[in-house]
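Colleague: Structure provided below as structure tokens; questions to follow.
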Amino acid sequence: MHHGSESETLAKAAEQAVYQCGHGLLHLRVNRVTLTLKPEEFSRLAALVCEAHIRLGAREALRTCAAH
């Protein structure tokens, strides 16, 4: 994927990034894998990842409480 002047970096970390190209598609890069998604697909994926992140946090909090 080319990140020319028509793409915008929305978020970037060491091995991850999210770009929006001039066509309006979102490109989610994790290491050497890039997913190209329509904005509505990206939104659904983001909601799914957020839900999983919350559940993992709640699970970890329960484990911590049970250990005390």
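Colleague: Specify which of the listed residues (27, 53, 23, 3) is part of a helix (DSSP H, G or I) and either modelled with pLDDT of 95 or more or out of contact with any helix residue (DSSP H, G or I) (no Cβ under 7 Å at 6 or more places or on another chain) (or both). Show your work before the answer.
Modeller: Values: 27 fails: part of a helix (DSSP H, G or I); 23 fails: part of a helix (DSSP H, G or I); 3 fails: part of a helix (DSSP H, G or I).
Residue meeting the stated conditions: 53.
Colleague: Given the structure, is residue 45 touching a strand residue (DSSP E or B) at 6+ places or on another chain (Cβ under 9 Å) and part of a helix (DSSP H, G or I)? Steps first, answer last, please.
Modeller: Details: touching a strand residue (DSSP E or B) at 6+ places or on another chain (Cβ under 9 Å): yes; part of a helix (DSSP H, G or I): yes.
For residue 45, the condition - touching a strand residue (DSSP E or B) at 6+ places or on another chain (Cβ under 9 Å) and part of a helix (DSSP H, G or I) - is met.
Colleague: Would you please list the contacts, defined by Cβ atoms under 8 Å and residues six or more apart or on different chains, that run from a residue in region 4-31 that is closer than 19 Å to residue 43 by Cβ and without any contact (Cβ under 8 Å) to a residue 60 or more places away in the chain to a residue that is of a type in the set (D, E, K, R) and crowded, with 16+ Cβ neighbours inside 10 Å?
Modeller: Every condition considered, the pairs that remain are 16/29; 17/29; 18/29; 19/29.
Colleague: Keeping to region 30-41, report how many residues are assigned to a loop (DSSP other than H, G, I, E, B) and under 13 Å from the mean Cα position of the chain (by Cα). Give the steps one after another, and end with the answer.
Modeller: Quick first cut of region 30-41, residues assigned to a loop (DSSP other than H, G, I, E, B) only: 31-32, 38.
Filter once more, keeping what is under 13 Å from the mean Cα position of the chain (by Cα): 31.
Going through region 30-41 one residue at a time, the tally reaches 1.
The values are calculated or read from the model by the stated rules, or taken from the named source; none is laboratory data. Everything numeric here is computed off the predicted structure, so don't read it as measured data. Reconstructed Cβ throughout: ideal geometry from the backbone, glycine too, with neighbour counts over all protein chains shown.
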